[in-house]
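Visitor: Pasting a structure here, questions to come.
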Amino acid sequence: MLQTQTLYSEFSGYLAAALDALEAAVVLPGGLNRGAITVEPPRDASHGDLSTNAAMVLAKPAGTNPRALAEALVAELAKLPAVTEASIAGPGFINLRLSDATWIAELRTIAALAASYGRSNLGGGSTVNVEYVSANPTGPMHMGHCRGAVVGDALATLLKWSGHNVIREYYVNDAGGQVDVLARSVHMRYREALGEDVGEVPEGLYPGDYLVPVAQALAAEFGDTYAAAPEADWLVLFRTRAVAAMLVMIKEDLALLGIEHDLFSSEAELQAAGKPEQAEAWLRAHDLVYDGILEAPKGKTIEDWEPVALPLFRSAKFGDDQDRPIKKSDGKWTYFGADLAYHFQKAESADALVDIWGADHAGTVKRIRAAVAALTEGAGKQIPFEVKLVQMVQLLRNGEPVKMSKRSGNFVTLADVVREVGKDVVRFTMLTRKPEAQMDFDFAKVVEASKDNPVFYVQYAHARIRSTLRKGAVEGIVPADAALDRLGEEELALVKLAAQFPRLVEAAAVAREPHRVAFFLYDLAAALHSYWNLGNDKPEKRFIVAQDQALSGARLYLAAQIGQLIRNGLAILGVEAVEEM
C-alpha cells in the first residue's frame with residue numbers, strides 16, 4: 001500500500017482550497033503561479049506545527065500587501081477543524097497549530113501503513129537509471145569505491161520508495177588500456193604458477209595476490225602453452241578470463257554490502273556493437289560533431305605539439321568550456337567518446353539518468369552533461385541528467401592512518417573492512433555526511449557505543465523500543481490505541497517529528513540525497529532517547545507505568561510506531577534494525 005497523501009500534502013490541499021476561496025471572493029486574481037508555495041514545519045517549534053509562505057509568494061504578483069493577504073488566508077484556514085490557532089509572523093508568514101486529535105490520527109496512519117509509511121507515487125512510475133560503482137575490473141573493491149557504492153544503492157532504494165522504477169547499473173570499463181595491463185599482470189602470475197621465478201612485480205603491473213588464483217586456473221587449463229608465446233597469442237584470452245574473474249570478485253565484494261546491480265554494461269560490447277559510431281553519425285547529421293583542430297595545450301609550444309584534425313563534439317554549445325574530441329589521433333575512441341555513446345544507450349531505456357562518480361572525475365562533468373543534453377534533446381526526448389560527486393574516505397584506526405592490504409597490493413579492501421565492523425556499520429556511516437564532504441572512517445569510532453556514533457545511536461533507539469515492547473508483553477501489556485487521547489505534549493512531540501518522514505523521503509528523492517534519511521533517523525533517535533530519559537527521574541513518564549495499563553498501552557503503541565519508522569528509514573539505507581544490543 002502506497003501513502004498517496006501525507007499530513008503536509010493534505011494541508012497543502014487545504015491551503016489551495018483557501019486560495020481558491022479568495023479567488024472566488026476576488027480578494028486574489030486568478031491564475032497566479034503557486035509553484036513556490038510551501039507547507040513545512042516552522043524553524044522554531046514554539047511558533048506552531050505548520051508554516052506557509054503563501055502570502056509572501058503571492059502578494060507581489062497579486063498587487064497587495066503580504067500581511068493583508070496573510071490576514072485573509074488566516075481567516076480561511078482558521079475555519080479548518082484541525083486548526084486550533086492560525087497566526088501571522090513577521091512580514092507575512094502564516095503559522096498553524098493543529099489539534100492533538102490531528103496528530104493522534106497521524107499516529108494511527110503510521111500504524112495502518114506500517115512498512116509502507118513514507119512510500120509515495122511521487123515518481124509516477126518513471127524510470128531512473130542510477131549508475132554507481134563502475135570501478136575498473138582490475139581487482140577487488142577497495143574503500144575508495146565504498147562510499148559511492150552505498151550512496152548509489154541507497155539513492156536507488158529511495159527513488160523506488162518515491163514511486164520510480166529504477167535501473168541499478170554498473171558500467172564495466174573493459175575496453176581501455178587498464179585491462180591490457182591486467183592481462184599482462186595475470187600472464188606474469190601464470191608463468192609463476194608454472195614454476196618460473198618472476199622476481200619482483202615490474203613497475204606498471206598490478207601486484208596484488210588476488211591474481212594468483214586466476215593465473216593458477218589458466219596454468220591448470222593450458223599448461224605452458226602461452227608461457228613463452230608472443231603477447232598477441234594470449235592477450236585477448238587472458239584479458240577476457242581476467243576480467244570475468246575480477247567481476248565475480250567485485251560482485252562478491254558488493255554482496256557483502258548488500259548491493260546487487262540490475263545491469264552490468266560492458267564498454268567492450270558497446271564498442272563491438274558499433275554504438276560510438278552510431279552516436280557519431282547521429283551527431284554529425286545534426287551538426288554537433290565536426291572535424292577540427294584543438295588549441296595547443298597550455299604550456300606547449302609549436303615545437304613540441306603537432307596540430308591534428310580530430311572529430312570534435314560541439315560541447316561548448318551546451319555549456320562546456322570548449323569543444324571536445326571524441327577520437328584520438330590513432331582513431332581510437334577517447335574516454336569521452338565512449339562515455340558519450342554509453343549515455344546515449346542508457347537514455348534509450350530511462351526517463352532520467354543519475355551517475356555517482358568519485359570527486360576526481362569532477363573535470364568531466366560538464367562535457368558529459370553537454371553530451372547527454374545534445375543527444376537527448378536532439379532525439380526529441382529530454383532526459384534529466386545529474387552527476388553526484390562523492391569524496392574519498394580516509395581510513396583511520398584510533399586516529400592513525402590504516403596500513404595497506406597485503407592481498408590487494410596497494411589499498412585497503414572493502415571486504416576486509418566489512419568483515420571487521422559489519423555491513424550495517426559501513427553503510428550507515430557512509431551516509432552520515434553529505435557525499436561531497438570529506439569523510440574519516442575510524443575503525444574505533446564507528447563501533448563506539450556512544451551518542452557521538454550515529455550508527456549506534458539509531459540502532460540503540462530501535463533496540464530500546466523492542467526491549468520495552470518485550471517487557472510489556474511479559475507484563476501482559478500490549479500496544480493499544482484506545483487511550484491515545486491521554487498522550488501528552490512530550491509524546492505528541494515524537495509524533496510530530498515522525499510525521500515529517502514522508503515529506504522528508506520525497507524531498508530527499510527530489511534532491512537525490514539519501515543522506516537526509518540518515519540525518520532524520522538520528523534526530524528521531526535523539527528525540528526517543530530524550531523521552532526515555534524523562535522516565536529516569538519521573539516514573540510516571542515511563543513507557544510502562546505501574547498500575548496504569550491503559551496509559552502504558554497507549555505509550556507502547558507510540559513506541560511501536562516510532563520503531564516502525566526507524567525500520568522504514570533503515571530499510572531505505574539498506575541497514576538492518578537490531579532487536580537488542
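Visitor: Could you please give the count of residues in region 252-275 that are under 23 Å from the mean Cα position of the chain (by Cα), in a helix (DSSP H, G or I) and crowded, with 16+ Cβ neighbours inside 10 Å?
Guide: Just the residues of region 252-275 that are under 23 Å from the mean Cα position of the chain (by Cα), to begin with: 252-265.
Still in the list and also in a helix (DSSP H, G or I): 252-256.
Within this subset, residues satisfying the condition of being crowded, with 16+ Cβ neighbours inside 10 Å are 253-254, 256.
Number of matching residues: 3.
Condition check ((1) more than 35 Å from the chain's Cα centre (by Cα); (2) closer than 18 Å to residue 106 by Cβ; (3) among the acidic types (Asp, Glu)) across all residues:
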residue	(1), (2), (3)
6	no, yes, no
11	no, yes, no
18	yes, no, no
26	yes, no, no
46	no, no, no
60	yes, no, no
65	yes, no, no
70	yes, no, no
80	yes, yes, no
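Visitor: What's the number of the only condition in (1) within 33 Å of the chain's Cα centre (by Cα); (2) at pLDDT 95 or above; (3) surrounded by fewer than 16 Cβ atoms within 10 Å (Cβ to Cβ) that residue 278 fails to meet?
Guide: (2)
Visitor: Another one. Residues to consider are 386, 475, 400; find the one that is without any contact (Cβ under 8 Å) to a residue 24 or more places away in the chain and either more than 17 Å from the chain's Cα centre (by Cα) or surrounded by fewer than 18 Cβ atoms within 10 Å (Cβ to Cβ) (or both). Before the answer, list the steps.
Guide: On the way: 386 fails: without any contact (Cβ under 8 Å) to a residue 24 or more places away in the chain; 475 fails: without any contact (Cβ under 8 Å) to a residue 24 or more places away in the chain.
400 is the lone residue from the list that is without any contact (Cβ under 8 Å) to a residue 24 or more places away in the chain and either more than 17 Å from the chain's Cα centre (by Cα) or surrounded by fewer than 18 Cβ atoms within 10 Å (Cβ to Cβ) (or both).
Visitor: Right, next: Please give the number of the condition residue 355 fails out of (1) surrounded by fewer than 17 Cβ atoms within 10 Å (Cβ to Cβ); (2) at pLDDT 90 or above.
Guide: Tallying (1) surrounded by fewer than 17 Cβ atoms within 10 Å (Cβ to Cβ); (2) at pLDDT 90 or above, residue 355 fails exactly one: (1).
Visitor: Which residue pairs have Cβ atoms under 8 Å apart, sit 6 or more places apart or on different chains, and have a first residue in region 105-129 that is in the same structural domain as residue 504 (by TED's automatic domain parsing) and on the phi > 0 side of the Ramachandran plot and a second that is buried (at least 21 other Cβ atoms within 10 Å of the Cβ) and of a type in the set (A, V, I, L, M, F, W, C)?
Guide: Matching pairs, first to second residue: none at all.
Visitor: Looking at the structure I just gave you, is residue 537 acidic (Asp, Glu), in the same structural domain as residue 458 (by TED's automatic domain parsing) and in contact with a Leu (Cβ under 8 Å, 6 or more places away or on another chain)? Quick ask: steps written out before the conclusion?
Guide: Numbers: acidic (Asp, Glu): yes; in the same structural domain as residue 458 (by TED's automatic domain parsing): yes; in contact with a Leu (Cβ under 8 Å, 6 or more places away or on another chain): no.
The answer is no for residue 537.
Visitor: If you don't mind, another one. Need pairs with beta-carbon distance below 7 Å; first residue touching a residue at least 24 places away in the same chain (Cβ under 8 Å) and within region 8-23, second charged (D, E, K, R) and assigned to a helix (DSSP H, G or I); sequence gap 6+ or separate chains.
Guide: That search, which allows pairs on different chains as well, returns 8/503; 18/76; 21/76; 22/76.
Visitor: Within region 211-237, work out how many residues are within 14 Å of residue 192 (Cβ to Cβ) and surrounded by 12 or more Cβ atoms within 10 Å (Cβ to Cβ).
Guide: 12
The values are calculated or read from the model by the stated rules, or taken from the named source; none is laboratory data. Computed from a prediction, not measured in an experiment: that's the story for all the values here. No Cβ is skipped: glycine too gets one built from the backbone with ideal geometry, and neighbour counts run over all protein chains shown.
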